[in-house]
Amino acid sequence: MSTQTILPAPRVVEVIDTAPDTPWAQRVRLRPEPRQPIGAQQVRIGMLAMTVLPADLLQMQQRYGVQPSVPYVPGHEGVALVLEAGAEVGDLQVGQRVMPLGAGGLWADERVVHRRSLLPLPAEGDALQQAMLAANPATAWVLLKHMGWAPGQWVLHNAANSAVGQCVRQLAGHLGIPLINIVRRSQAIPEGAQGHWLVDDGLDADALRQQVVRITGAQPVMLALDALGGTATQSLAACLSDAGRVIVYGLLSGQASQIGAHDLVFRGVEVRGFWLARWFGDAANRQAGREVYPALLELARQDVLHMEVEQVYDLGDVAQALAHAALPHRRGKVLLRGIHGLAPASSGTT
């Protein structure tokens, strides 16, 4: 079987400019990429769908933890089909659905990756949901399961309507974790939302703390998940019980995290940073890391996990997709699709 003879030349996105204030359309270019032979342990994959993550946008603005030199191919997350397998790859079949993990450079119609970078996926799953599984659901899973929560304790999280926030809410409900959802605007609370919701404008940490106390009573609040940084870190810290922990996993405010000296010194509140890639790379987390994606795939199959999709763009419209993804107050994720994801049977839209 040779898909190369019947498909147009694959396209790849390159980031060519990361200077501040550069328009999105001038940051990227689309170019054809000739197909090359693959090695014995390599697999040629055709990308069905690729997520536009905050990490991708931050990297294009020189604000991410890892900053490649330009030009580079962006893309950290997606779902693909096996197009061709090397001679020593005996466990993957052409047409099988896979998730690239740790491969990077996924904004392309096709990629050639090592077999060890691919996680086989069930063919009957929703391709768009699978494309969004690697980053946000995994982040939410690790934050709730491996950052020190214990039964009988409450968890706080801000940006509760973000992609990670949606996953935290769904997983906390499944795991029986009592949760308080915090947003910046009342309009961000989903219609018909259940559970405990608070609006924090970032100006009065004590007012937020009093609302948290009214909800939790005397029960301990030992874990807070912070996607914003800036003064939001201080607000969450003020709401925690003594010796509680704020985990800062996002940079949405663009500001350095702040915390009051009283909380830090006299109440022993701890602030820790979290980056999913570093957590997976820590040898101490090796066994726990192996359990993350099988657990998430099963929860996705049960429809416990479901993320909102706002729009899917063709790879050729990547500049429009970036501008859309950068808009504030979106309700769902923005995704890209390649030539292998254009057939109606495999391409989803909202």
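Rounded to the nearest 0.05, what FRET efficiency do residue 35 and residue 174 give with R0 = 41 Å and r taken as the Cβ-Cβ distance? Could you check?
Using R0 = 41 Å, I get an efficiency of 0.45.
Can you say what percent of the DSSP beta bridges in the chain, counting only those with both residues inside, are antiparallel? Round to 5.
Counting DSSP beta bridges with both partners in the chain, the antiparallel share is about 50 percent.
For segment 136-278, build the convex hull from the C-alpha positions and give me its volume per residue in Å³.
Enclosed volume per residue, from the Cα hull, is 105 Å³.
Per 0.36 nm of contour for each residue apart, how much would the distance between residue 9 and residue 275 grow if the chain were fully extended, relative to their Cα-Cα spacing?
The residue 9-residue 275 span can extend by a further 92.2 nm.
What list of ³J(HN,Hα) couplings, whole Hz, do you get for segment 182-192 from phi and the Karplus terms 6.51, -1.76, 1.60, once you set θ to phi - 60° and write x for glycine and proline?
Working through the residues one at a time gives 10, 10, 8, 9, 5, 5, 7, 6, x, 4, x Hz.
Could you run the Karplus curve 6.51 cos²θ - 1.76 cosθ + 1.60 with θ = phi - 60° over segment 324-339 and give me ³J(HN,Hα) per residue in whole Hz, x for Gly and Pro?
Residue by residue, segment 324-339 yields 5, 5, 7, 5, x, 6, 5, 9, x, 7, 9, 10, 10, 9, x, 5 Hz.
Calculate for the chain the 222 nm mean residue ellipticity that helices alone would give, adding -39,500 (n - 2.57) per DSSP H run of length 4 or more and normalising by residue count, nearest 500 deg cm²/dmol.
-7500 deg cm²/dmol
Quick check: convex hull over the Cα atoms of the chain, volume per residue in Å³, rounded to an integer?
Expressed per residue, the convex hull around the Cα atoms of the chain is 145 Å³.
Debye sum, Cα scatterers, segment 197-350, no solvent: what log₁₀ I/I(0) at q = 0.14 1/Å?
-0.98
For a quick protection proxy, order the peptides 329-336, 250-257 by their average other-Cβ count within 10 Å, most packed first.
Taking the mean over residues of other Cβ atoms within 10 Å, the ranking is 329-336, 250-257.
Please give the residues of segment 254-291, grouped as numeric ranges, whose backbone N is less than 14 Å from a label point set 7 Å along the Cα-to-Cβ vector of residue 204.
none
For segment 132-239, which trypsin sites (Lys or Arg not before Pro) are both in a DSSP coil and crowded by at most 15 other Cβ atoms within 10 Å?
Taking segment 132-239 and a limit of 15 other Cβ atoms within 10 Å, the loop trypsin sites (Lys or Arg not before Pro) found are 185.
Each reported figure results from applying straightforward, stated rules to the coordinates on display, with no laboratory input. Predicted model, so just to flag it, every value in this text is computed and none were measured. Using ideal geometry, Cβ is built from the backbone for each residue, glycine included, and neighbour counts are taken over all protein chains shown.
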